[in-house]
Structure formats: structure tokens, C-alpha cells
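The values are calculated or read from the model by the stated rules, or taken from the named source; none is laboratory data. Bear in mind that the values here come from a model prediction, so they are computed numbers and not experimental data. Please note: Cβ atoms are built from the backbone with ideal geometry, for glycine as well, and neighbour counts cover all protein chains shown. Protein only, heavy atoms only, side chains kept; ligands, DNA and RNA dropped before computing areas. Shrake-Rupley method; radii C 1.70, N 1.55, O 1.52, S 1.80 Å.
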Amino acid sequence: MAAKLRKGDKVIVLAGKDKGKTGEISSVDPKAGKAVVDGVNIAIRHVKQSQTSQGGRTPQAMPIDLSNLAIVDANGKATRVGFKMDGDKKVRFAKTTGDVI
């Protein structure tokens, strides 16, 4: 199945503690159905000090379920993603505006 959300897409969070926040997808795990979005679902991770890096508490973006994300269209609103054929190429488009993503 084709991916509706991909790395680099600007998305908005639909549900959870970060509802309403927007960010860019930095990585996607299609098998688990999760994505890591910059600035969303932040957790504090404790890092042990080593010779190369300073230890301490570092904020890290944790994976969020794909069902809780929606792509942002040109108007800045959440939209669903559809697929259509553009010539001989399959492209994604925003359902609200019809623009190709």
C-alpha cells in the first residue's frame, strides 16, 4: 500500500497530549504504524556520560501513531490524502483543496 504520510511532510496532531501542534515528520516506521514528528510527543531521556558526549537529561521526540496525524494543506488546515494518476505517475493530493502534495 502506498504511504499517505512520508518523511518531510508537514503534519498536525489530531489527538493526544499534543493535539493541535504542527511539525515535520523526521522518520516513519510503516511496520509499526508510527512516525517521529519534530517538536511533538517530547519525552526526557537520561543519557549516561561518555568520553565523547556530555551526559544528562535530553528532550527527545518519541514516535506517535499515524492515525493521530493529518497532513497540512496549503490553507494550513488538516486534510486527508488521496491518490490519483498524473499522466503515468501516481501522485498524492489533498482532499480539501485538490492540490498535489
Checklist entry - What single numbered condition from (1) open to solvent by 70 Å² or more (accessible area, probe 1.4 Å); (2) at pLDDT 95 or above fails to hold for residue 36? => result (1)
Next on the checklist: Testing residue 74 on (1) modelled with pLDDT under 95; (2) of a type in the set (A, V, I, L, M); (3) open to solvent by less than 70 Å² (accessible area, probe 1.4 Å), one condition comes back false. Which one is that?
Outcome noted: (3)
Item to check | Enumeration of residues in the range 27-41 that are part of a loop (DSSP other than H, G, I, E, B) and among the charged types (D, E, K, R) | outcome: 31, 38
Item to check | Qualifying positions in the range 20-33 - of a type in the set (D, E, K, R) and free of Cβ contacts under 8 Å to residues at least 24 places away in the same chain | outcome: 21, 24, 31
Item to check | Hey, residue 79 open to solvent by less than 30 Å² (accessible area, probe 1.4 Å) and among the hydroxyl-bearing types (Ser, Thr, Tyr) or not | outcome: yes
Checklist entry - Out of all the residues in the range 75-99, which are farther than 18 Å from residue 24 by Cα and β-branched (Val, Ile, Thr)? => result 91, 96, 97
Next on the checklist: The conditions are (1) touching a residue at least 60 places away in the same chain (Cβ under 8 Å); (2) loosely packed, with under 12 Cβ neighbours inside 10 Å, and residue 17 fails exactly one of them. Which is it?
Outcome noted: (1)
Checklist entry - Which ranges mark the strands (runs of 3 or more DSSP E) fully within the range 42-101 that have 2 or more residues being without any contact (Cβ under 8 Å) to a residue 12 or more places away in the chain and either closer than 25 Å to residue 20 by Cβ or not β-branched (Val, Ile, Thr) (or both)? => result 81-86
